[in-house]
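Engineer: First the structure, which I've put down as structure tokens, then a few questions once you've had a look.
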Amino acid sequence: MATIPWLVDVLRGAGVQVVVEGDWLNRMRPGDFNPIGVLWHHTASTSSATNPHPALNICINGRSDLAGPLCQALVDYHGVFHVISAGRCNHAGVSGGSGPIPAGDGNTLMIGWEIDYNGVSQEMTAAQYNASIVATAAVLTRLGRDASHARGHRETSTTGKIDPSFIDLNVMRADVAARMAGGGTAWSSVVDNTTTTGRFTASGNWGVSSYSGQRYGADYRYADPVAASDPAWYRFNVPAAGNYRVDAWWPANSGYNGATPYIVATSSGNRTVYVDQRANGGQWRTLGTFALPAGDADRVAVSRWSSAAGLVIADAVRLTRV
Ligand SMILES: [Zn+2]
């Protein structure tokens, strides 16, 4: 049986914050372990700044129905990697095959990150996402595998697993690939309509709804189209001037707007991208890549000024440096 005693050094070498959890070099399940990929999970536990790793104990010691350790590392709310095991863990079950990962014993084939968030009413934090991208890129480089070997449990599961929720796994792989190529810094930030501290602003003409199960987070905002300026704004603290991919998330419905204007305030003026909110809902959709200036400012808007019929929806927006 192989082990990966290099894991802590590789993570630290990539700049990932690591906490070593006890005798990680000798804590593992019996059986084969010859990993060719990395598998992302969420724990289904609700984490917070003051309770950053609620599932850590279970991931180390297991549950009554599944012996620990349950992953090689747990990723806490702040993006810290808690390294639990250098060997085989009970995280993946049977792989049905996904991308270059064949069907077979998932615990032999893959290293697992349990990212500690609940995945239903709580999304992955930006710190968790960014650290997981950096860690995945570093480990796949060490394994001599490309970014296609990063998968989500919902892709390999044969039992209907849904984790990790709220991320587009193709975007994740693109971010891993960019990191492996030495390009992007993988800085990424999400502003949802419920994000506090003034990052989302809209007038009282925008109603609040939780009607669609495709919503991001608890709810979203909606308004009738109107030939007037009444946009909902998303404010981001852009860390440095550069190129950023802008992704939007909306719940789709046949009664929503067929040509919703998203305005991006770029380094060279406003750019408008129209999306059809009657389709392609419930996941991140890329609006394009734009040059943005540094600084904390309103950066993306959803405009009501649409010539199409149907409610205009403002849910979540994400920036990712590329
Ligand atoms: Zn899982």
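Engineer: How high is the relative contact order of the stretch 202-322? Use alpha-carbon pairs under 8 Å, at least six apart in sequence, and give a whole percent.
Structural biologist: Numbers: 323 pairs, mean separation 47.5, N = 121.
It rounds to 39 percent for the stretch 202-322.
Engineer: Within the chain, what whole-number % of the accessible surface is contributed by carbon and sulfur, with the 1.4 Å probe and all protein chains included in the calculation?
Structural biologist: Result for the chain: 48 percent of the exposed heavy-atom area is carbon or sulfur.
Engineer: What does the highest-first list of 257-263, 95-101 look like by mean Cβ count within 10 Å?
Structural biologist: 257-263, 95-101
Engineer: What number do you get for the stretch 107-255 when its Cα radius of gyration is normalised by 2.2 N^0.38 Å, N = residues?
Structural biologist: 1.21
Engineer: Looking at the chain only, what percent of DSSP beta bridges run antiparallel? Nearest 5 please.
Structural biologist: Details: 53 of 69 bridges.
The antiparallel proportion sits near 75 percent.
Engineer: Rounded to two decimal places and with Rh computed the Kirkwood way over Cα pairs, what is Rg over Rh for the chain?
Structural biologist: Radius of gyration relative to Kirkwood radius: 1.00.
Engineer: In Å², what does the accessible area per residue of the stretch 1-138 work out to with a 1.4 Å probe?
Structural biologist: Heavy-atom SASA per residue in the stretch 1-138 reads 36 Å².
Engineer: Tell me the per residue accessible area of the stretch 143-280 using a 1.4 Å probe; a whole number in Å² is fine.
Structural biologist: 44 Å²
The values are calculated or read from the model by the stated rules, or taken from the named source; none is laboratory data. A quick note: this is a predicted structure, and the numbers were derived from the prediction, not measured. Cβ coordinates were reconstructed from backbone atoms using ideal geometry, including for glycine residues, and neighbour counts include every protein chain displayed. For accessibility, only protein heavy atoms count, side chains too; no ligands or nucleic acids. Shrake-Rupley method; radii C 1.70, N 1.55, O 1.52, S 1.80 Å.
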